[in-house]
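S.K.: The following block contains the structure, expressed as structure tokens.
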Amino acid sequence: MAVTRLAILGATGSIGRQALEVVRAHPDALRVTALSGRSRAAEVARIARDFGVARVATGDADLAALATAPDVDLVLVATPGVAGLVPTLAALEAGKSVALANKEVLVVGGHLVRAAAGGAGERLRPVDSEHSGLWQCLAGERADEVKRVVLTASGGPLRDLPAASLGAVTPEEALRHPTWSMGTKVTLDSATLVNKAYEVIEAHWLYGLPYDRIDVLLHPQSIVHALVEFADGSVKAQLGAPDMRVPIQYALLGERHRPGPGSSLDLAAAGRLDFRALDRGRYPCFGVVLDAARSGAGAVIGVSAADEAAIERFLAGELPFDAIPELLRRGADLGARAVTDAAPPLAAILRADNEIRARLGAPVGVG
């Protein structure tokens, strides 16, 4: 197979580091030609030396230039937050393919991405395990025969903690995920289930499905990643060990199942697979995010900005864990007032995001 020239945006994060493992396992298929890291300049330089990469950036300013470089075929967008939207759109407009590991890109700019690339496929390759699972389950199927899709959620690191104790949760507790090894923001979003609401929004844009045909089930083992129910009642599921290297490789190799560094699934060792309905009362952020998505683009832009502010304040000890839902509601309200366009342009999205994060990022009692 031809060698794919790869840009990794966010090479020092959890997804970026695991992607580099995949690249090492497939020198015949993948070659890194550009990379970035938001911080850790020394680590970025070391990775560049190890992989012989000349195009390097630290921070967010030069991401679009890396994503559109002439010696890049595929861009892995693994930078967190809205910062991933600009290079994603730039890459797609330049004719590149994008492997998307950033939830906020589709949450706030799904209408722009879908206009540039359509849904999941060669040009837009989902990296999330759930969306990789749906991508695989829907391959070769007729869209008009799909009744609904189901995303699974582990329940996060606080799933067994009494609800009355959530106000005293520390960052260390919220970052102790029981099944997945992920970056800080995604792990905290898993604790609030903001991440799963984001994935519902992503599914809407990736697969063109209305929200009432996208469901979520709690599945503590994180082995079944996604399910598709068809009109005749049959259900197709995608299973795999909770190892992000598996969906990363599937995206980077372009829908190929080849041996790699990912873990194999041992169902006998797993023993049992449990599923239960999502208790929205325990996870109020889930409902806040989806209510915002249904109400309009401005509200969901505001929620995304508020979530980034909430995480910064929670990690700094300024915001109790159980106060996060209210901050998200404030963000939704600010966003709805700031952006009234049903399909806002990129500039309006970025402006509103910056303004709302600045307002909500103030210390408690200020703003």
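Read-outs: derived from the displayed coordinates by stated rules, not from any lab. For clarity, every value in this text was computed on a predicted model and none was experimentally measured. So basically every Cβ, Gly included, is an ideal-geometry build from the backbone, and we count neighbours across all protein chains shown.
S.K.: For the range 1-88, give me every one of the strands (runs of 3 or more DSSP E) that falls completely inside it and has 1 or more residues that are of a type outside the set (D, E, K, R) and out of contact with any helix residue (DSSP H, G or I) (no Cβ under 6 Å at 6 or more places or on another chain). Let's see the steps before the verdict.
M.R.: Numbers: elements: 4-9, 30-37, 55-58, 74-77.
Where strands (runs of 3 or more DSSP E) fall fully within the range 1-88 and carry at least 1 residues being of a type outside the set (D, E, K, R) and out of contact with any helix residue (DSSP H, G or I) (no Cβ under 6 Å at 6 or more places or on another chain), they are 4-9, 30-37, 74-77.
S.K.: Looking only at the range 125-154, which residues are in contact with a His (Cβ under 8 Å, 6 or more places away or on another chain) and either more than 10 Å from Ala226 (Cα to Cα) or surrounded by fewer than 20 Cβ atoms within 10 Å (Cβ to Cβ) (or both)?
M.R.: Answer for the range 125-154, where residues must be in contact with a His (Cβ under 8 Å, 6 or more places away or on another chain) and either more than 10 Å from Ala226 (Cα to Cα) or surrounded by fewer than 20 Cβ atoms within 10 Å (Cβ to Cβ) (or both): just Ser154.
S.K.: Which of the helices (runs of 4 or more DSSP H) found entirely inside the range 174-279 contain at least 1 residues meeting this: under 25 Å from Val32 (Cα atoms)? Talk me through it step by step, then tell me what you get.
M.R.: Working: elements: 184-192, 194-207, 245-252, 267-270.
Passing ranges, in order: 184-192, 245-252.
S.K.: Next question, about the same structure. Has the range 309-319 got any residue that is touching a Phe, Trp or Tyr at 6+ places or on another chain (Cβ under 9 Å), of a type outside the set (S, T, N, Q), in contact (Cβ under 8 Å) with a residue 12 or more places away in the chain and surrounded by 18 or more Cβ atoms within 10 Å (Cβ to Cβ)? It would help to see each step written out before you state the result.
M.R.: Start the filter on the range 309-319 by keeping residues that are touching a Phe, Trp or Tyr at 6+ places or on another chain (Cβ under 9 Å), which leaves 314.
Then drop every residue that is not of a type outside the set (S, T, N, Q), which leaves 314.
Going one step further and asking which of them are in contact (Cβ under 8 Å) with a residue 12 or more places away in the chain, we end up with 314.
Applying the additional criterion that residues be surrounded by 18 or more Cβ atoms within 10 Å (Cβ to Cβ) yields 314.
Yes, the range 309-319 contains at least one residue that is touching a Phe, Trp or Tyr at 6+ places or on another chain (Cβ under 9 Å), of a type outside the set (S, T, N, Q), in contact (Cβ under 8 Å) with a residue 12 or more places away in the chain and surrounded by 18 or more Cβ atoms within 10 Å (Cβ to Cβ).
S.K.: Now for a separate question. For the range 124-137, check the following and say yes or no: at least one residue is in a loop (DSSP other than H, G, I, E, B), within 30 Å of Ala91 (Cα to Cα) and free of Cβ contacts under 8 Å to residues at least 24 places away in the same chain. So that I can check it myself, show each step before the final result.
M.R.: As a first pass, look at the range 124-137 and keep what is in a loop (DSSP other than H, G, I, E, B): 127-128.
Next, only the ones that are within 30 Å of Ala91 (Cα to Cα) stay: 127-128.
Subset that is free of Cβ contacts under 8 Å to residues at least 24 places away in the same chain: none.
Scanning the range 124-137 turns up no residue that is in a loop (DSSP other than H, G, I, E, B), within 30 Å of Ala91 (Cα to Cα) and free of Cβ contacts under 8 Å to residues at least 24 places away in the same chain.
S.K.: Can you report the number of residues in the range 1-12 which are surrounded by fewer than 24 Cβ atoms within 10 Å (Cβ to Cβ) and farther than 15 Å from Asp73 by Cβ? Full working, then the answer.
M.R.: From the range 1-12, those surrounded by fewer than 24 Cβ atoms within 10 Å (Cβ to Cβ) are 1-5, 12; that's our starting set.
Those left that are additionally farther than 15 Å from Asp73 by Cβ: 12.
Residues flagged as surrounded by fewer than 24 Cβ atoms within 10 Å (Cβ to Cβ) and farther than 15 Å from Asp73 by Cβ within the range 1-12 amount to 1.
Matching residues to (1) touching a strand residue (DSSP E or B) at 6+ places or on another chain (Cβ under 6 Å); (2) under 24 Å from Leu6 (Cβ atoms):
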residue: Val200; (1), (2): yes, no
residue: Ile214; (1), (2): yes, no
residue: Gln221; (1), (2): no, no
residue: Leu227; (1), (2): yes, no
residue: Asp243; (1), (2): no, yes
residue: Ile248; (1), (2): no, yes
residue: Gly254; (1), (2): no, yes
residue: Ser263; (1), (2): no, yes
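S.K.: Still on this structure: Out of all the residues in the range 94-117, which are within 21 Å of Leu6 (Cβ to Cβ) and either free of Cβ contacts under 8 Å to residues at least 24 places away in the same chain or outside any helix (DSSP H, G or I) (or both)?
M.R.: Ala94, Gly95, Lys96, Ser97, Val98, Ala99, Leu100, Ala101, Asn102
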